[in-house]
Amino acid sequence: MLTSTRSRVAVGTTAIVLLTATPALAFGPFLRTSGPLRDFAPAAAGPFDGASARVQLVESAQGSHAVLTVDGIGADAEGRTFGAHLHDGPCVAGDGAAAMGHYNSDAHAGHSPVAVNDRTEIWLDFTVVDGEGTGTASVPFVPEHGKRSVVIHADPTNPQTGGAGPRLACKTVEW
C-alpha cells in the first residue's frame with residue numbers, strides 16, 4: 001500500500017497541500033490506457049455501443065492492482081453485472097476469438113494443473129450504475145508484457161469455472 005505524507009505550505013493566502021510517497025513502499029511501473037471499446041458484434045445493437053473504457057494496471061511488491069472503468073453504457077444495462085477479464089490476445093472488432101483465453105498466471109508459469117480463480121486471473125466484474133461501471137482486482141502476480149485485452153462478457157464471472165458468457169466488447173492493453 002502506498003503511504004503518503006501531507007505537508008501544508010502557505011503561499012500568500014493560498015494553502016498548497018503536498019503529497020509525497022514513501023520510496024520503499026511506492027508502486028512500480030504502471031499501464032494506463034483509455035478510449036472507445038471494440039464491439040465483437042458490430043452489426044447488432046448492444047449496451048456497449050459507443051461506450052469507452054479506461055484500464056489501469058499498477059505493479060507493487062505484492063503483485064498488481066487493476067482498475068477498469070467503463071462509461072457510456074446503454075440504459076438497458078442499468079443494474080446488470082458483467083464479467084470482465086484480462087485476456088491473452090488483442091481486441092479485433094468483430095472477432096472475439098482473437099482475444100484468446102483468459103490471462104492465467106499458472107498457465108504462463110507452466111504449472112500443472114492450472115488453477116482458475118481470482119488469484120491466478122484478473123477478474124474485473126462490474127455493475128452498471130448511471131451508465132458507468134468500475135471493476136477492480138488485486139492479484140499476487142504481474143502479467144507478462146505483451147499485447148493483451150480486457151474483454152467484457154454478457155454475464156458475471158462464475159467463481160467455480162471463470163466463465164462469464166458471450167464476449168461483447170473489449171479494450172486492447174499493451175505494456
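The values are calculated or read from the model by the stated rules, or taken from the named source; none is laboratory data. Bear in mind the structure is a predicted one, so any value in this text is a computation, not a measurement. Here Cβ is always computed from backbone atoms with ideal geometry, including for glycine, and neighbour counts include all displayed protein chains. Keep in mind that these areas ignore ligands, DNA and RNA; they rest on the heavy atoms of the full protein, side chains included. Shrake-Rupley method; radii C 1.70, N 1.55, O 1.52, S 1.80 Å.
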Residues (open to solvent by less than 20 Å² (accessible area, probe 1.4 Å) and in a strand (DSSP E or B)) located in segment 70-114: 70, 82, 84, 85, 86, 87, 104
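Taking the condition among the charged types (D, E, K, R), part of a strand (DSSP E or B) and either farther than 17 Å from residue 47 by Cα or at pLDDT 95 or above (or both), does residue 148 pass? Please lay out each step first, then the result.
Numbers: among the charged types (D, E, K, R): yes; part of a strand (DSSP E or B): yes; either farther than 17 Å from residue 47 by Cα or at pLDDT 95 or above (or both): yes.
Here the answer is yes, as residue 148 does meet what is asked.
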Working only within segment 141-171, note down all residues that are closer than 15 Å to residue 30 by Cα and either open to solvent by less than 40 Å² (accessible area, probe 1.4 Å) or touching a Lys or Arg at 6+ places or on another chain (Cβ under 9 Å) (or both). 141, 143, 146, 148
Output the qualifying pairs, or none if there are none: Cβ atoms under 6 angstrom, residues six or more apart or on different chains, first residue in segment 80-94 and without any contact (Cβ under 8 Å) to a residue 60 or more places away in the chain, second residue open to solvent by less than 10 Å² (accessible area, probe 1.4 Å). 80/128
Criterion (farther than 24 Å from residue 46 by Cα and modelled with pLDDT of 95 or more) met by exactly one of 109, 169, 154: 109
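Tell me the residue from 7, 52 that is open to solvent by less than 60 Å² (accessible area, probe 1.4 Å) and modelled with pLDDT under 95, please.
Details: 52 fails: modelled with pLDDT under 95.
The conditions single out 7.
Can you give me the number of residues within segment 35-49 that are open to solvent by less than 80 Å² (accessible area, probe 1.4 Å) and touching a strand residue (DSSP E or B) at 6+ places or on another chain (Cβ under 9 Å)?
Of segment 35-49, the ones open to solvent by less than 80 Å² (accessible area, probe 1.4 Å) are 35, 37, 39-41, 44, 46-49.
From the residues that got through so far, the ones that are touching a strand residue (DSSP E or B) at 6+ places or on another chain (Cβ under 9 Å) too are 35, 37, 39-41, 46-49.
Of the residues in that region, 9 qualify.
Residues to consider are 120, 157; find the one that is at negative phi and out of contact with any helix residue (DSSP H, G or I) (no Cβ under 8 Å at 6 or more places or on another chain). Talk me through it step by step, then tell me what you get.
Working: 120 fails: out of contact with any helix residue (DSSP H, G or I) (no Cβ under 8 Å at 6 or more places or on another chain).
None of the others qualify; the one that does is 157.
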